[in-house]
Amino acid sequence: MQRTSSVAPGIKDSIRSVPIFVKLNQLQLHELAKATAHARFEDGEPIVQQGEPGDAMYIIERGGCVAEVEGVGVVKRFATGDCFGEASLLTREPRGASVLAEGSTSCLVLAADVVSPILEQCWGGQKELQRREELLKRVKLFAELTIGELRQLATQLERVEFETDGSAVFTEGTVGHEM
């Protein structure tokens, strides 16, 4: 792996494309972009190892990767624009799979020590995130999600308040875009 640190055009767009970063403000996005590193990997080179702590997440700039679980084999393929490693950052659990480069691959690398405080600011802290997860667990539709999937979904929740004046929250027969 070869690493360099720089802030280049397009990094903010790449970061913003990751669902857990959609709600970041411009200052938070800029802080992440400044702290982003670039890493290059050769074919078959391990990027993350199953069981290791999640100390960074990756956004693929060019190339591809394959995720493998010991005793199972390939469980997922990643291509340019995809990200991986964010679940481990969110849950603080060890990596659930090893990820290997397929061909020459370059990634943006976002370190946990930079990402975690920014996400904490964005969500209002760990307790708020846990409260959101508990709320989601009570929804039957989400009962089978893993803790990592719940945590990712919890990052997307947005508080909306409604007036108590009898105004409609939604109207029957209209297409719903939110839940």
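Answer with yes or no whether K76 is outside the structural domain of E52 (by TED's automatic domain parsing) and of a type outside the set (S, T, Y).
When the stated conditions are applied, K76 does not pass them.
Hey, can you tell me all the residues within region 76-94 that are in contact (Cβ under 8 Å) with a residue 24 or more places away in the chain and either within 18 Å of P46 (Cβ to Cβ) or in a helix (DSSP H, G or I) (or both)?
R77, C83, F84, G85, E86, A87, S88, L89, L90, T91, P94
Quick test of your reading of the structure: E68 fulfils all but one of (1) over 20 Å from V18 (Cα atoms); (2) exposed (fewer than 13 other Cβ atoms within 10 Å of the Cβ). Name the failing condition by number.
For E68, the failing item is (2).
Criterion first (over 20 Å from the mean Cα position of the chain (by Cα), at pLDDT below 75 and under 29 Å from L90 (Cα atoms)) does E178 satisfy it?
For E178, the condition - over 20 Å from the mean Cα position of the chain (by Cα), at pLDDT below 75 and under 29 Å from L90 (Cα atoms) - is met.
Which ones in region 53-70 are assigned to a loop (DSSP other than H, G, I, E, B), closer than 24 Å to S14 by Cβ and acidic (D, E)?
Across region 53-70, the qualifying residue is only D55.
Quick one: which of L145, L141, L157 is loosely packed, with under 10 Cβ neighbours inside 10 Å and out of contact with any Cys (no Cβ under 9 Å at 6 or more places or on another chain)?
L141
Assess whether V175 counts as being farther than 20 Å from V18 by Cβ and not assigned by TED's automatic domain parsing to the domain that holds L27.
Criteria met by V175.
The values are calculated or read from the model by the stated rules, or taken from the named source; none is laboratory data. If you're wondering where the values come from, they're calculated on a predicted model, not measured in any experiment. Cβ sites come from the backbone with ideal geometry, for glycine too, and all protein chains shown count toward neighbours.
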